[in-house]
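Visitor: Mind looking over this structure? Questions follow.
The values are calculated or read from the model by the stated rules, or taken from the named source; none is laboratory data. What you are looking at is a predicted structure, and each value in this text was computed from that prediction instead of being measured. Note: ideal-geometry Cβ built from the backbone for every residue, glycine included; neighbour counts use all protein chains shown. SASA here: full protein model, heavy atoms, side chains in, ligands and nucleic acids out. Shrake-Rupley method; radii C 1.70, N 1.55, O 1.52, S 1.80 Å.
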Amino acid sequence: MMNDTHQSAVRAEDAFDVQRVHTWLAQRVDGLPGPPPDVVQFTGGASNLTYLLRYPHLGRELILRRPPAGKKASSAHDMAREYRVQQALKPVFPHVPTVRALCQDPSVIDTDFYVMDKVPGLILRGRLPADMTLLPAAARTLSEAFVDTLADLHQVAPAAAGLADLGKGDGYVRRQVEGWTRRYAQARTWNTPSFRYVTAWLADHQPDDSALCVIHNDWRLDNLVLDEKELRITGVLDWEMATLGDPLMDLGSALAYWVQADDDRMARATRRQPSHLPGMLTRTEIVERYCDRTGLPAGNWPFYETFGLFRLAVIAQQIYYRYHHKQSRNPAFRNLWLAVNYLDRRCRSAIRRAGRS
């Protein structure tokens with residue numbers, strides 16, 4: 001599910017009773033006789049914790065997902081919801097992994113978790129694998145698939161997938177602006193900005209919902225599994241934040257992560273996907289392609305761009321809050337406060353550009 005270079009021994013703070021999990025799982029998933037699995041932890045994620053369960057004697061690998069320790073947003077890390085979304089989407093959006101079992105019994109590992117099949121393939125991160133070259137034509141094809149597959153997800157009829165009740169209906173944009181503004185205030189630390197100017201602008205410039213559909217809410221290249229030979233998308237991971245919402249908000253959130261070659265040094269330093277390579281579509285080209293494909297208007301794009309950057313800042317701040325208050329000792333979180341300050345400047349820059357257009 002993730003490249004081998006992003007696996008490590010399980011951190012002490014994230015460990016669980018492997019034998020107990022195996023006993024529980026073997027009663028619910030066929031074909032798991034014998035000893036418990038070998039377990040390693042994926043190190044790339046910063047939200048829900050993800051583990052690889054290897055059964056060498058069976059030639060089988062499964063994935064376990066569970067919440068992190070520490071302070072969490074009230075609506076975050078809902079394992080049952082994440083499990084249900086994938087189970088419902090699988091028949092109509094085949095890129096979803098196959099889920100196998102959901103545990104809501106706290107006697108097993110003290111928290112909900114679920115297990116799913118590992119999706120074989122390649123995940124591209126900030127740096128390409130040492131033995132891989134991505135030519136410009138292949139990079140363009142991949143970035144086109146990135147946006148086209150998101151558009152395909154947005155065409156899924158919620159009712160047909162049994163997900164008509166996944167969201168709260170109309171008013172998604174307003175709820176998101178209010179909700180992320182509140183979450184930031186709750187997670188702010190002394191070394192990060194207030195974002196009052198940005199949140200006031202978002203509140204004053206929010207458009208009506210452009211549509212209501214199934215959205216992923218964490219669409220990034222490093223959440224896509226690729227066939228290693230053809231680089232076509234074979235799996236989409238991390239459905240934790242999926243809901244019914246505005247598709248342009250989903251696109252705006254996705255492009256907050258999309259660092260291109262002409263971005264500034266700070267953006268390039270925090271890049272976590274190879275979106276800067278020659279041939280990759282720019283953010284402007286992605287917006288144009290998406291709107292051409294879906295028929296949605298791009299007239300309010302500065303709002304969606306600014307919202308996406310602000311939302312990313314809130315996510316980073318929520319993660320940093322856990323580190324700041326010693327609820328996590330993961331060293332990858334130590335300097336996230338710098339990224340939050342940087343994203344405040346990016347938001348203000350996007351707002352200034354909007355005022356000049």
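Visitor: Taking only the alpha-carbon atoms of segment 106-229, what semi-axes of the equivalent ellipsoid follow from 5 times the gyration tensor eigenvalues under a square root, in whole Å, largest first?
Guide: The three semi-axes for segment 106-229 are 31, 22, 21 Å.
Visitor: How many times 2.2 N^0.38 Å is the alpha carbon radius of gyration of segment 318-357?
Guide: It is 1.60.
Visitor: Tell me the per residue accessible area of the chain using a 1.4 Å probe; a whole number in Å² is fine.
Guide: I get 45 Å² per residue for this part.
Visitor: So what does log10 I(q)/I(0) come out to for the chain at q = 0.07, 0.14, 0.15 Å⁻¹, using the Debye formula with one equal point on every Cα and no solvent?
Guide: Here log10 of I(q) over I(0) equals -0.30, -1.30, -1.50.
Visitor: Starting from the residue with the highest accessible area, list D170, D250, D264 in decreasing order, probe 1.4 Å.
Guide: D170, D264, D250
Visitor: Report the one residue of A15, V39, L25 whose Cα lies farthest in the direction of the positive end of the charge dipole of segment 12-69 (charges on C-beta: Lys and Arg +1, Asp and Glu -1; origin at the Cα centre).
Guide: Checking the options against the dipole of segment 12-69, the answer is L25.
Visitor: Here's a follow-up. Could you give the dipole magnitude of segment 281-357 about its Cα centre, charging the beta-carbon of Lys and Arg +1 and that of Asp and Glu -1, in debye to the nearest 20?
Guide: About 400 debye.
Visitor: Related question: Leaving ligands, DNA and RNA out of it, rank T243, T23, T133 by accessible area with a 1.4 Å probe, largest first.
Guide: T133, T23, T243
Visitor: Out of every Cα pair in segment 204-268, what percent are spaced more than 19 Å from each other?
Guide: Distances greater than 19 Å cover 48 percent of the Cα pairs.
Visitor: Taking springs between alpha-carbon atoms closer than 10 angstrom, which of A137, A88, A164 fluctuates most in the Gaussian network model of the chain?
Guide: A137
Visitor: Grab the chain and count how many Lys pairs have their alpha-carbon atoms under 29 Å apart, sequence gap of 8 or more, or different chains.
Guide: Here the count comes out as 11.
Visitor: Starting from the eigenvalues of the Cα gyration tensor, five times each then square-rooted, give me the equivalent ellipsoid semi-axes of segment 281-357, largest first, whole Å.
Guide: Gyration-tensor ellipsoid for segment 281-357: 31, 15, 9 Å.
Visitor: Hey, another quick one. Of all accessible surface on the chain at a 1.4 Å probe, what whole percent is carbon and sulfur?
Guide: 49 percent
Visitor: Something else: How large is ³J(HN,Hα), in whole Hz, for each residue of segment 141-157 in order, when computed from phi with the Karplus curve 6.51 cos²θ - 1.76 cosθ + 1.60 and θ = phi - 60°, using x for Gly and Pro?
Guide: 3J(HN,Hα) across segment 141-157, in whole Hz: 4, 5, 5, 5, 5, 4, 7, 5, 5, 5, 4, 4, 4, 5, 8, 5, 6.
Visitor: In the chain, with Lys and Arg counted as +1 and Asp and Glu as -1 at Cβ, which of these residues, L312, C213, H324, has the Cα nearest the positive end of the dipole, that is, farthest along it?
Guide: H324
Visitor: Quick one: what are the phi-derived ³J(HN,Hα) couplings along segment 175-190, Karplus 6.51/-1.76/1.60 with θ = phi - 60°, whole Hz, x for glycine and proline?
Guide: Couplings: 5, 5, 4, 5, x, 6, 4, 5, 4, 5, 4, 6, 9, 5, 10, 4 Hz.
Visitor: Determine the principal axes of the Cα atoms in segment 56-180, then give the extent along each, sorted from largest to smallest and rounded to whole angstroms.
Guide: Projected onto the principal axes, the Cα atoms of segment 56-180 cover 48, 47, 32 Å.
Visitor: For segment 229-357, state the semi-axes of the equivalent ellipsoid (square roots of 5 times the eigenvalues of the alpha-carbon gyration tensor), sorted largest first and rounded to whole angstrom.
Guide: 25, 19, 16
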